[in-house]
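Notes follow once the structure below has been shown.
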Amino acid sequence: MARDRSNSNDYTGPLRRLLLAVLVLVLGAIFLIWRIDSPRVERFRAQITDSVVPNFEWAMAPVTGTVNLLRDFQSYRRLSEQNGELRSELRQMQVWKEAALQLEQENARLLDLNKVRLDPRLTYVTGVVLADSGSPFRQSVLLNVGARDGLVDGWATMDGIGLVGRISGVGQNTARVILLTDASSRIPATIQPSGQRVIVAGDNSAAPPLDFIENPDLVRPGDRVISSGDGGVFPAGLLIGQVAADPGGRLRVRLAADYERLEFLRVLRDHGTDPVSNTAFVITPNGPLNPEMIVPSEDAPDATQP
């Protein structure tokens, strides 16, 4: 038994060394073949690659499956995070909705207490923005409503939140709106709560400046700017924006309307107010006073006596 074991060891040692030498030679040959820069060797390498690589697809299947599993896990984790964010935003929107409902109810109660009557003539017609002809020199948009809808030059337009501009040019089926940012736009406005009268002057920028402020010391950034109704240009009380100061210290208005996404505009039908031609009818509802109807008092002094 000991002799058989020694004979097997005598054959195993040289065989291992021979296999190791063959492996080193094969690896060296592969290294040389892959390092030689020759067209023939390149074709040979391509043939070897085409013959060997497809046969190793079964070996790459576990690796590919593992990579796909990791990707699916990462995608599931991202979806879970997005779901959590959406749930959080939904909760915030529910809070905002509840706050809006409470404010609406409070506003209704205040209107009922103050007996405020809104002008029934101030209705609106909604139009779709067909084209935006904004340029460095002119700011305007085109609406798909016109004279057939009863539009008149000078009517105010809003995007549902803030004032956008005024109608300037009415066709049968279309109308052009000059935006507040246009250089030709001049809108009389009031700053709240100070009550300062200003002019919102367009200068082709996103935040028009405020000109002719009566007392700038009473104006603070964040104050509301609304239309004053002076001159009959616009109805009074339309929201324009908030006061903001530029880096140079000049007061401007940050517009409430979203000028980046003007898709629908509301054109306010404003037929104006009837001018007062006779103040006597305002003082006495039955008509002007007749001087002959005025009876002097007995205690009143006589203007004819010295």
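The values are calculated or read from the model by the stated rules, or taken from the named source; none is laboratory data. In this text the structure is predicted, and so the values were computed from the model without any measurement. Virtual Cβ from ideal backbone geometry, glycine too; neighbours counted across all protein chains shown. Please note that ligands, DNA and RNA were not included when accessible areas were found on the heavy atoms of the full protein model with its side chains. Shrake-Rupley method; radii C 1.70, N 1.55, O 1.52, S 1.80 Å.
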Return only the number of the condition from (1) in contact (Cβ under 8 Å) with a residue 12 or more places away in the chain; (2) of a type outside the set (S, T, N, Q); (3) farther than 18 Å from Ile178 by Cβ that Gly248 does not satisfy.
(1)
Would you confirm whether or not the stretch 100-119 contains a residue that is within 30 Å of Arg186 (Cβ to Cβ), modelled with pLDDT under 90, surrounded by 10 or more Cβ atoms within 10 Å (Cβ to Cβ) and touching a Gly at 6+ places or on another chain (Cβ under 8 Å)?
no
Looking only at the stretch 16-45, count every residue that is surrounded by 10 or more Cβ atoms within 10 Å (Cβ to Cβ), in a helix (DSSP H, G or I) and either within 60 Å of the chain's Cα centre (by Cα) or at pLDDT below 80 (or both) and tell me the total.
11
Filtering the stretch 195-218 for residues that are of a type in the set (Val, Ile, Thr) and surrounded by fewer than 19 Cβ atoms within 10 Å (Cβ to Cβ) leaves a count of 2
Say whether the condition of being among the polar types (S, T, N, Q) and open to solvent by 50 Å² or more (accessible area, probe 1.4 Å) is met by at least one residue in the stretch 177-194.
yes
Given (1) in contact (Cβ under 8 Å) with a residue 60 or more places away in the chain; (2) not in a loop (DSSP other than H, G, I, E, B), Pro235 misses just (2)
Answer yes or no: is there a residue in the stretch 221-235 that is under 17 Å from Asp258 (Cα atoms) and either in contact with a Gly (Cβ under 6 Å, 6 or more places away or on another chain) or open to solvent by less than 10 Å² (accessible area, probe 1.4 Å) (or both).
yes
Residues Asp258, Asp223, Asp230: which one is at pLDDT 90 or above and of a type in the set (Asp, Glu)?
Asp223
